[in-house]
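Colleague: So that we are looking at the same thing, I have put the structure below in structure tokens.
What follows draws every value from the coordinates through simple rules; no lab data is involved. Predicted, not measured: the structure shown is a model, and the values here were computed from it. For neighbour counting, all protein chains shown are included, and Cβ atoms are generated from backbone atoms with ideal geometry for every residue, glycine included.
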Amino acid sequence: MTHALKRTRSKLLLGFGALLVFSAIFVFAPLLIHAVYRSVTPDALIQGRRAEYARMASEELVLAGTAKQSSEKARYQLYLWFHARGLSIDEGHGGGVFWQRWCDLINYWRDDDGKHFFPSE
């Protein structure tokens, strides 16, 4: 085997290894972040937030206009709070795309209120 072929093979293996490491981080880092958040969140707080989420959802049935929109934004922030801990809340489907974990975490860190879901006030 020539020296150039060994060097090319070495670079190829290094590139493949880097891709593998990046992929593992992309897939497993959110799960680790969820686990850390979950481990430092008391169960009583989780149950309280679940009750608050349910209360807000039922109150929104009779709200309208900006009051409803304000409640929906606050409830979306709670939704992100749960998802940052890897907990489901109000899901009616079998899950989303695998990068949704990152999207939810980033929106949680940005303190997103979901204003992009609602028309301008």
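Colleague: Would you check which residues across the range 50-76 are exposed (fewer than 15 other Cβ atoms within 10 Å of the Cβ) and not in a helix (DSSP H, G or I) and list them?
Modeller: Selection gives Leu61, Val62, Leu63, Ala64.
Colleague: Considering only the range 42-68, how many residues are touching a residue at least 40 places away in the same chain (Cβ under 8 Å) and in contact with a helix residue (DSSP H, G or I) (Cβ under 9 Å, 6 or more places away or on another chain)?
Modeller: Summing the residues that are touching a residue at least 40 places away in the same chain (Cβ under 8 Å) and in contact with a helix residue (DSSP H, G or I) (Cβ under 9 Å, 6 or more places away or on another chain) in the range 42-68 gives 1.
Colleague: Mind counting the residues in the range 33-49 that are assigned to a helix (DSSP H, G or I) and either in contact with a Gly (Cβ under 7 Å, 6 or more places away or on another chain) or surrounded by 10 or more Cβ atoms within 10 Å (Cβ to Cβ) (or both)?
Modeller: Qualifying residue count, the range 33-49: 11.
Colleague: Further question on the same structure: Restricting to the range 68-102, what's the tally of residues that are touching an Asp or Glu at 6+ places or on another chain (Cβ under 9 Å) and of a type in the set (A, V, I, L, M)?
Modeller: Here the count works out to 4.
Colleague: When you check Tyr79 against the structure, is it touching a residue at least 12 places away in the same chain (Cβ under 8 Å), touching a His at 6+ places or on another chain (Cβ under 8 Å) and not in a loop (DSSP other than H, G, I, E, B), yes or no?
Modeller: Taking the combined requirement at face value, the residue does not satisfy it.
Colleague: Report every pair of residues separated by at least 6 positions or lying on different chains whose Cβ atoms are under 8 Å apart, first residue within the range 1-28 and within 30 Å of Gly86 (Cα to Cα), second not in a helix (DSSP H, G or I).
Modeller: Cβ pairs passing all conditions: Phe26/Trp99; Val27/Phe98.
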